[in-house]
Amino acid sequence: MTRVLHILSQRPGRSGSGVFLAAMVREAARRGYTQHAIVGGPPGTSASELPPLRDDELSPIIFPSDEAPFPVPGNSDVMPYPTTVFSRMSEGEVDQYLAASRRVMRRVRETFKPDIVHTHHLWLMTALARDVFDDIPIVATSHNAELRQMIKAPHLAPRVVPGVQKLDRICVLTPQSIDDTKEVFGVEDNKIALTGAGFDQEVFGQRPTANGQRLISFVGRLSTPKGIPFLIEATKDQQITLIGASGSGEDGQRMDELVHAAGARVVHTGAKQPHEVAELLRHTSVFVLPSLFEGLPLTMLEALASGCRAVVSALPTIASWVPASWRERGYVELVPPLAT
């Protein structure tokens, strides 16, 4: 049976790419594949976030550690847990990050002996994997966060682009992402596959129970890039529910202050398990996602599957994917994104 190695540079279960990875692990297990995963995370990171993997099937790269004494770098600058921002890392810290990751990858290469490697994000960890697993096929899924990182940390491009160009296959989520990947990374067209994304129909997709109430919900990380300040301002006369953890650092603190200042009309539930999110969405009539940057947001798909109408930013990635018929029937309203 094929031996599949998954690689995610951040904590699983706490981001869209982590949810994506967890779904891949579950589906691969159903099909009988032998699996192992390498993930970045804080002390205590375990396989409990990637069932049905066991702890001996997970190799965490721990941050901070003696080898890399800083929190795990996040593929977005604001994550729902303490992280290091790539654009602020010194060259020495980047070297430490890569050295710690290389050590774990080399060990897993020798002990697990993968037949194929699947990585997430076209960034440093994926470029490193191409070097470590130089004779093994590597498929990477782009989640679009790396495009933002290329803008904010262009000095890291020489460490990223050559490895990305040598990948065997790159999976992207939207038609716009094909053009972006070719332009930013110089990847050959025949290496790119448009895969889209999906949702767990066993969890989402049940009949809505909003009962005609005009309930508004947001699902995701509470941060400025997700548009939380603008959502709170735009709905100042309405009740809204914010489902998700606050972002990290100063931005996360500002979001908590905004929620507190809004009073009882804004309900912040914090992070919830998928089945709890599904239940809240079934009591929602309108899902709102005013993001400044996105790939193909899984939360939008989950909300639509739960019977919600969706109001989302008309970002190129989203606009290139949403079918015209959904807009014509009023399932999705695309609004001009705010300038950044």
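The values are calculated or read from the model by the stated rules, or taken from the named source; none is laboratory data. Remember, predicted model here, so these are calculated numbers, not experimental data. Reconstructed Cβ throughout: ideal geometry from the backbone, glycine too, with neighbour counts over all protein chains shown. Ligands, DNA and RNA are stripped out before the accessible areas are found, and what is left, the full protein with its side chains, is counted by its heavy atoms. Shrake-Rupley method; radii C 1.70, N 1.55, O 1.52, S 1.80 Å.
In this simple spin-label model, placing a label point 7 Å from the Cα along the Cα-to-Cβ direction at both SER87 and ASP115 gives a separation of 4.3 nm.
Remark: the range 176-190, residue by residue, has Karplus-estimated 3J(HN,Hα) of 4, 5, 4, 5, 4, 5, 5, 6, 7, 10, x, 7, 5, 4, 6 Hz, where x stands for each Gly or Pro and the curve is 6.51 cos²θ - 1.76 cosθ + 1.60 at θ = phi - 60°. Put simply, the amide H of VAL311, placed in the peptide plane, has neighbours under 5 Å in PHE287, VAL288, LEU289, GLU333, leaving out anything fewer than 5 places away on its chain. For ARG265, the solvent-accessible surface with a 1.4 Å probe is about 50 Å², rounded to the nearest 10.
With every protein chain kept in the model, how would you rank VAL19, VAL288 by accessible area, 1.4 Å probe, largest at the top? Kindly include the intermediate steps, with their values, before the conclusion.
Values: VAL19 65, VAL288 20 Å².
Ranked from most to least accessible, the order is VAL19, VAL288.
Kirkwood radius and radius of gyration were both taken over the C-alpha atoms of the range 156-251, and their ratio Rg/Rh is 1.11. Only lysines eight or more places from LYS182 in sequence, or on another chain, were considered; those with a Cα closer than 21 Å are LYS152, LYS166, LYS191.
Annotation: HIS143 carries an accessible surface of approximately 30 Å², with a 1.4 Å probe and no ligand, DNA or RNA atoms counted. For ILE38, nonlocal amide neighbours, meaning residues 5 or more places apart or on other chains whose placed amide H falls under 5 Å from its own, are HIS6, ILE7, LEU8, SER59. Model label points for ARG327 and ARG30, set 7 angstrom from Cα along the Cα-to-Cβ axis, are 3.3 nm apart. Taking all Cα-Cα distances within the range 4-118, those exceeding 16 Å account for 58%. The HN-Hα couplings worked out from phi for the range 279-288 by the Karplus form 6.51 cos²θ - 1.76 cosθ + 1.60 (θ = phi - 60°) are 5, 5, 5, 5, 9, 10, 9, 10, 9, 10 Hz, whole numbers, x standing for Gly and Pro. Of the solvent-accessible surface of the chain, computed with a 1.4 Å probe over protein heavy atoms with every protein chain present, carbon and sulfur atoms account for 51 percent.
Mind ranking 242-248, 195-201 by how tightly packed they are, going by the mean number of other C-beta atoms within 10 angstrom, highest first? Display every interim value, and only then the final one.
Working: 242-248: 22.7, 195-201: 15.6.
Top to bottom by mean Cβ count within 10 Å: 242-248, 195-201.
When the alpha carbon coordinates of the range 234-307 are projected onto the principal axes, the ranges are 32, 27, 23 Å, largest first. Spatially, the range 145-174 and the range 227-253 are offset by 30 Å when compared through their Cα centroids.
Candidates THR195, THR284, PHE20 compared by Cα position along the dipole of the chain: farthest toward the positive end lies THR284, with charges placed on Cβ. Geometric descriptor of the range 95-137, per residue, is 64 Å³ (volume of the convex hull of the Cα atoms). Take the Cβ-Cβ distance between SER46 and ALA261 as r, set R0 to 45 Å, and report the resulting FRET efficiency rounded to the nearest 0.05. In this case the efficiency is close to 0.75. Rounded, prolate or oblate, given the Cα gyration tensor of the range 154-201, with a/c below 1.5 counting as rounded? Judged from the Cα gyration tensor, the range 154-201 comes out prolate (a/c at least 1.5, a/b above b/c). For CYS171, the residues whose amide H sits under 5 Å from its own are ALA140, THR141, SER142, ALA193, ignoring neighbours fewer than 5 places away on the same chain, with H placed 1.01 Å from N. MET1 contributes about 150 Å² of solvent-accessible surface, heavy atoms of the protein only, 1.4 Å probe. If you run the Gaussian network model on the chain, springs between alpha carbon atoms under 10 Å, then out of VAL286, VAL25, VAL203 the most flexible one is VAL203.
So how many Å³ per residue does the convex hull of the Cα atoms of the chain work out to? Mind dumping the intermediate values first?
Numbers: hull volume 46.3 nm³, N = 340.
Hull volume over Cα atoms, normalised by residue count, gives 136 Å³.
A simple spin-label model places the labels of VAL335 and LYS272 2.1 nm from each other, with each point 7 Å out along Cα-to-Cβ. With helices as the sole contributors, the chain gives -10500 deg cm²/dmol at 222 nm; each DSSP H run of n ≥ 4 counts as -39500 (n - 2.57), and the sum is divided by every residue.
Looking at the chain, the accessible area is 45 square angstrom per residue; that uses a 1.4 Å probe and ignores ligands, DNA and RNA. When you filter the trypsin sites (Lys or Arg not before Pro) in the range 126-234 for DSSP loop state and at most 10 other Cβ atoms inside 10 Å of their Cβ, you are left with ARG214.
How large is the direction-averaged shadow of the alpha-carbon convex hull of the range 183-309, in nm²? It would help to have the intermediate numbers written out before the result.
Numbers: hull surface 38.3 nm².
For the range 183-309, averaging the hull's shadow over all directions gives 9.6 nm².
Taking a sphere under 9 Å around the Cβ of VAL85 and counting the other residues whose Cβ falls inside, with K and R at +1 and D and E at -1, yields a net charge of +1. In order along the range 137-143, phi translates into HN-Hα couplings of x, 10, 10, 10, 9, 8, 10 Hz, rounded to whole numbers, per the Karplus curve 6.51 cos²θ - 1.76 cosθ + 1.60 with θ = phi - 60° and x for Gly and Pro.
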